[in-house]
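A.B. asks: Quick one: the structure is below, questions incoming.
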Amino acid sequence: MEIKVSQIKTVKCYIDTLRDFKVGEEKYFKLVNTDYIAFHNARRRLHERKAGVYNFEKIETEGKRYFKITRTEWSLIAS
């Protein structure tokens, strides 16, 4: 009997990705597929929950597009 091993598919979780940022931390993500829109939707959801403040900036260098994300505050309640 031959066994074919399957791959576990992972789902990107943009909200959890943003939650993992420390205040003042900035990270760069390669812009692919629907990441740009998904990050904006995640930021909006966190903003509605007053669970963090994030700045976004698109950057292009050497013909590649990146998304710079910085967490500026812990929550809207603390500001």
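A.B. asks: For a quick check of your reading of the model, give me the residue pairs whose first member lies in segment 1-20 and is in a helix (DSSP H, G or I), whose second is open to solvent by 100 Å² or more (accessible area, probe 1.4 Å), with beta-carbon atoms closer than 8 Å and at least 6 apart or on different chains.
C.D. replies: Final answer for the pair search is ILE15/ARG45.
A.B. asks: How many of the residues making up segment 1-19 are exposed (fewer than 10 other Cβ atoms within 10 Å of the Cβ) and of a type outside the set (S, T, N, Q)? Quick ask: steps written out before the conclusion?
C.D. replies: Kept after step one, since they are exposed (fewer than 10 other Cβ atoms within 10 Å of the Cβ), are these residues of segment 1-19: 1-11, 16.
Checking the rest, the ones that are also of a type outside the set (S, T, N, Q) come to 1-5, 8-9, 11, 16.
Residues that pass the stated criteria total 9.
A.B. asks: Still on this structure, I have one more. Scan segment 18-35 for residues that are at pLDDT 90 or above and among the hydroxyl-bearing types (Ser, Thr, Tyr) and jot them down.
C.D. replies: Scanning segment 18-35 gives a single hit, TYR28.
To keep it simple, each residue is scored yes or no on (1) open to solvent by less than 70 Å² (accessible area, probe 1.4 Å); (2) not in a strand (DSSP E or B).
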{"residue": "VAL23", "(1), (2)": "no, yes"}
{"residue": "PHE29", "(1), (2)": "yes, no"}
{"residue": "HIS40", "(1), (2)": "yes, yes"}
{"residue": "ARG65", "(1), (2)": "no, no"}
{"residue": "ARG71", "(1), (2)": "yes, no"}
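A.B. asks: Any chance you could count how many residues in segment 42-54 are assigned to a helix (DSSP H, G or I) and either open to solvent by 60 Å² or more (accessible area, probe 1.4 Å) or touching a residue at least 40 places away in the same chain (Cβ under 8 Å) (or both)?
C.D. replies: Total meeting the criteria: 5.
The values are calculated or read from the model by the stated rules, or taken from the named source; none is laboratory data. Treat the numbers as computed from the prediction; the structure is a model and nothing was measured. Counting neighbours? That spans all protein chains shown, and the Cβs are built from the backbone with ideal geometry, glycine included. The accessibility values were calculated without ligands, DNA or RNA, using every heavy atom of the protein model including side chains. Shrake-Rupley method; radii C 1.70, N 1.55, O 1.52, S 1.80 Å.
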